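Participant: This structure is in structure tokens; I'll ask about it shortly.
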Amino acid sequence: MPHITFIDFEGTQRTVDANVGDTLMEAATSNDIPGIDADCGGACACATCHVYIDSNWQDEVGAAEDLETEMLEVAEEVKSNSRLSCQVVVTDSMDGLVVTTPESQY
């Protein structure tokens, strides 16, 4: 079971066990991670599960596809390492992944 560390904008770290096949958003919401609102429930329709992927993990996580890229256009403080956590599926090789949540999802 991969361990994923979520860091909020203030620097507080929370490490959770994530199920392979779940999304980062599901791992976050099932573990009450603050800063992941997930208003659309993972439909890639709201951008309220925006996260920043640690630079050491970007290749492993991969790039956003077209629909996700379009949704990121409505998110705040988008950076080159921005992803929607509902679109990142957890794999065994993501054990140790670090993501940061933005100050606001709106």
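Participant: If I model a spin label at Glu65 and Thr91 as a point 7 Å from the Cα along the Cα→Cβ vector, what separation in nanometres do I get?
Facilitator: Placing both labels 7 Å beyond Cα along the Cβ direction yields 1.4 nm.
Participant: Step by step: find N for region 46-99, compute 2.2 N^0.38 Å, then divide the Cα radius of gyration by it. What's the final number? Kindly include the intermediate steps, with their values, before the conclusion.
Facilitator: On the way: Rg = 10.6 Å, N = 54, 2.2 N^0.38 = 10.0 Å.
Rounded to two decimals, the normalised Rg is 1.06.
Participant: Charges on Cβ only, +1 for Lys and Arg, -1 for Asp and Glu, centred on the Cα centroid of the chain; of Ile4, Tyr52, Ile36, which one is farthest towards the dipole's positive end?
Facilitator: The listed residue farthest towards the positive side: Ile4.
Participant: Rounded to the nearest 20 debye, what is the charge dipole size of the chain about its Cα centre when +1 sits on each Lys and Arg Cβ and -1 on each Asp and Glu Cβ?
Facilitator: Values: 3 positive and 21 negative charges, 28 e Å.
Using Cβ point charges on Lys, Arg, Asp and Glu, the chain gives about 140 debye.
Participant: Roughly speaking, to the nearest percent, how much of the chain's 1.4 Å accessible area is carbon and sulfur? Walk me through the intermediate numbers first.
Facilitator: Values: 2330 of 5490 Å².
On the chain, the fraction of accessible area on carbon and sulfur atoms equals 42 percent.
Participant: Looking only at region 1-39, which residues have a backbone nitrogen under 12 Å from a spot 7 Å from the Cα of Asn81 in the C-beta direction?
Facilitator: Label zone hits: 7.
Participant: Let me ask something else about it. Can you give the Rg to Rh ratio of the chain, both from alpha-carbon atoms, with Rh computed by the Kirkwood formula? Mind dumping the intermediate values first?
Facilitator: Values: Rg = 12.0 Å, Rh = 13.3 Å.
Reported Rg/Rh, Kirkwood definition of Rh: 0.91.
The values are calculated or read from the model by the stated rules, or taken from the named source; none is laboratory data. Since we're looking at a predicted model, the values are computed, not measured. Positions of Cβ are backbone-derived with ideal geometry, glycine not excepted, and every protein chain shown enters the neighbour counts. Side chains included, ligands, DNA and RNA excluded: accessible areas come from the protein's heavy atoms. Shrake-Rupley method; radii C 1.70, N 1.55, O 1.52, S 1.80 Å.
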